[in-house]
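Encoded as structure tokens, the structure appears first; notes follow it.
Any read-out appearing in this document is the output of simple, stated calculations on the displayed coordinates, not a laboratory observation. Please read these numbers as outputs of a predicted model, since none were measured by experiment. Here the Cβ positions follow ideal geometry from the backbone for every residue, glycine too, while neighbour counts run over all protein chains shown.
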Amino acid sequence: MTIASAPTLEEACKLAVADFIDLMERGRGMSREDAYLLASVAGDLRISQVVDPWMTVRMEVSKAHVPFPFP
């Protein structure tokens, strides 16, 4: 799961997805394309809050799709 906050909901979504892709690349050794595909197929964007001036979104993927634990 990655979490991102930004002034707009769209920006927060883009940041959360980009952070997830980076995490899969660095943490799992996936290619950028495979990480993007995983996010597209198995990812779930959830709005965490829209009350503050900044919006917060989290990008979630089930552990079943990332079978090995992070070091």
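Here are some notes:
- The range 1-65: GluC sites (Glu not before Pro) falling in loop per DSSP and having at most 15 other Cβ within 10 Å: none
- Crossing angle, helix 32-42 versus the chain [Cα axis fit, 0-90 degrees, rounded to tens]: 70 degrees
- The angle separating the long axis of helix 9-28 from the principal Cα axis of greatest extent in the chain is about 20 degrees.
- Near Asp44: Cβ cut-off under 11 Å, other residues only, Lys/Arg at +1 and Asp/Glu at -1. The net charge is +1.
- Local electrostatic count at Ala6 - Lys and Arg +1, Asp and Glu -1, tallied over other residues with Cβ under 14 Å: -2
- Isotropic mean projected area of the C-alpha convex hull, the range 2-64 (nm²): 4.0 nm²
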